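Input: a single structure, listed below in structure tokens.
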Amino acid sequence: MVDVAGAAEPLGHNSNKGHTGSENDAEMLAARLAHAQRLGNMGWAEWHMHSGETIWSDQVYLIFGRDPADGPIALPDLAKHVEQADMGTLDRLLWSAVESVEPVQAEFRIRRRGELRDLRVVLEPLMAPGGPIGLHGVIQDITGRRRAERMMSESRRQLLEAREQAAEERHVMLALREAILPEHVGCLDLPHTTIAVRYVPAEKTASLGGDWFEAAPAPDGRLLLAIGDVSGHGLPAIAHMAQLRHALVGLAMTGLPAHRLLTLLNDLVLHQLKETTATAIIGHLDPETRVFAWGQAGNLAPILVRDGVARQLDQPRGVLLGATSGRPYELATTRLLPGDLLLLFTDGLVERRTRDIDVGLDLVLAAARDVPARELDAGLDHLLADIGGPNPEDDACLLAVSIPAQSTEPLVRGATIDPC
């Protein structure tokens with residue numbers, strides 16, 4: 001007996017260990033399932049039709065905001081907690097679950113302490129030999145997901161509206177600029193000289209600014225050449241640009257030299273366009289001497305290409321329009337020779353946020369060397385492509401003058417400008 005008892009004790013001890021291990025495994029599995037339900041914000045429920053018994057997992061109580069002491073919600077009472085507009089969805093789900101042997105699912109909303117919550121419910125019948133005896137369901141709170149989707153949808157809608165509005169504003173601003181500025185694509189011919197102009201709008205709608213140009217004969221037979229850039233962007237900058245350019249056209253009829261015109265425009269900006277500044281180059285090209293007499297107000301100096309070499313002209317003194325009064329503007333003169341190319345431009349041509357202005361200027365100098373005097377219009381297109389295309393954040397104006405190499409006679413005074 002002793003030997004049997006002694007032998008039985010280890011057996012009994014091993015059996016207890018096995019039982020304890022099974023209990024621990026079950027507890028661990030239950031803990032993991034509960035953790036998974038919390039992470040997925042989901043739980044399970046069972047409704048037994050014959051007994052009326054309802055069983056909920058702990059997470060379902062949290063989803064419905066219900067005290068476990070109150071017990072689960074019976075199936076006939078579930079509709080009381082569903083949003084009125086979703087009652088039809090619940091009815092269809094229950095009928096489908098009873099009539100089907102496969103799981104069915106639907107989404108509907110409940111009110112939890114006055115707050116709408118989005119639920120996804122999957123139901124399948126509890127089967128017995130005699131047929132279904134109840135329903136088993138998996139319930140998941142997907143409020144956060146649906147809220148994020150609605151926010152994303154609203155953001156996409158607002159973005160689309162913003163893009164459409166920006167496109168419309170861009171169309172209006174470009175149309176306004178085209179009404180103010182002369183034709184900006186093509187070239188203008190005078191005897192023994194060619195002029196090409198470009199207005200290059202910024203790629204971004206909000207960056208359309210106040211860049212402008214002018215090329216027209218003056219009453220004394222000289223040719224008025226000018227470019228400029230009004231500070232700011234959008235419709236205010238375009239409106240100020242129009243005032244400044246129209247003022248120049250009127251003042252140029254007086255025959256005043258370029259530096260005197262800049263002085264008058266500076267007074268205009270100071271007194272009429274307050275809190276605005278502008279850059280400009282104004283010059284006259286004499287048809288007999290081919291002398292270009294010009295002044296500048298805070299603008300980069302023109303580029304002269306002669307015998308395959310491109311360089312900036314020496315810059316006369318001149319401050320930004322609207323910056324101060326009483327500072328004189330100087331007049332500089334440059335005589336153009338047959339084969340020369342003169343390029344006037346605003347800073348949007350060379351300035352980029354992604355590179356230093358000197359790098360941009362070097363690119364323009366290199367590209368200007370390859371602009372053919374006989375194909376000036378196409379040459380400007382190639383120049384723009386060589387420097388990286390339009391500026392994403394600022395518009396630009398270019399005005400190019402070429403003297404054909406075979407030109408040996410002076411320009412004809414009083415010649416008219418016709419689009420080529």
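Assorted remarks:
- Check on I73, surrounded by fewer than 17 Cβ atoms within 10 Å (Cβ to Cβ), among the aliphatic types (A, V, I, L, M) and within 20 Å of S57 (Cα to Cα): no
- Selection within segment 38-60 - more than 46 Å from the chain's Cα centre (by Cα) and not hydrophobic (A, V, I, L, M, F, W, C): E46, H48, H50, S51, G52, E53, T54, S57, D58
- Put simply, of A323, A297, A301, A332 the only residue that is aliphatic (A, V, I, L, M) and at pLDDT below 95 is A323.
- Residue within segment 119-134 that is touching a strand residue (DSSP E or B) at 6+ places or on another chain (Cβ under 8 Å), in a helix (DSSP H, G or I) and either over 26 Å from F64 (Cα atoms) or not small (G, A, S) (or both) present: no
- Of all the residues in segment 308-364, those that are within 30 Å of P392 (Cβ to Cβ), of a type in the set (D, E, K, R) and touching a residue at least 24 places away in the same chain (Cβ under 8 Å) number 5.
- Across segment 33-72, the number of residues qualifying as over 15 Å from I110 (Cβ atoms) and either at pLDDT below 90 or part of a loop (DSSP other than H, G, I, E, B) (or both) comes to 16.
- Candidates L261, L321, L300, L273, filtered to the one that is within 16 Å of A400 (Cα to Cα) and of a type in the set (A, V, I, L, M): L300
- Residues within segment 94-115 that are assigned to a helix (DSSP H, G or I), under 19 Å from Q140 (Cβ atoms) and either small (G, A, S) or at pLDDT below 90 (or both), tallied: 2
- All positions within segment 117-143 that are touching a residue at least 24 places away in the same chain (Cβ under 8 Å) and closer than 13 Å to I63 by Cβ: R117, D118, L119, V121, G137, V138, I139, Q140, D141, I142, T143
- Any chance R157 is out of contact with any helix residue (DSSP H, G or I) (no Cβ under 8 Å at 6 or more places or on another chain), part of a helix (DSSP H, G or I) and closer than 18 Å to E83 by Cβ: no
- Some residue of segment 398-420 being in contact with a Phe, Trp or Tyr (Cβ under 6 Å, 6 or more places away or on another chain), modelled with pLDDT of 90 or more and hydrophobic (A, V, I, L, M, F, W, C): yes
- Any chance L261 is surrounded by 22 or more Cβ atoms within 10 Å (Cβ to Cβ), at pLDDT 95 or above and hydrophobic (A, V, I, L, M, F, W, C): yes
- Check on H233, surrounded by fewer than 22 Cβ atoms within 10 Å (Cβ to Cβ), closer than 25 Å to G388 by Cβ and in the same structural domain as V371 (by TED's automatic domain parsing): yes
- Scanning segment 207-253 for residues that are small (G, A, S), touching an Asp or Glu at 6+ places or on another chain (Cβ under 8 Å) and part of a strand (DSSP E or B) gives G209, G210, A226, G228.
- Members of segment 182-206 found to be in a strand (DSSP E or B), at pLDDT 75 or above and not polar (S, T, N, Q), listed by number: I195, A196, V197, R198, Y199, V200
- Residue that is nearest to M241 (Cα to Cα), among those in segment 280-299 that are in contact with a helix residue (DSSP H, G or I) (Cβ under 7 Å, 6 or more places away or on another chain) and surrounded by 23 or more Cβ atoms within 10 Å (Cβ to Cβ): A280
The values are calculated or read from the model by the stated rules, or taken from the named source; none is laboratory data. The structure displayed is predicted, hence computed values, not measured ones. Quick reminder, even Gly has a Cβ in these numbers, built from the backbone with ideal geometry, and neighbours come from all protein chains shown.
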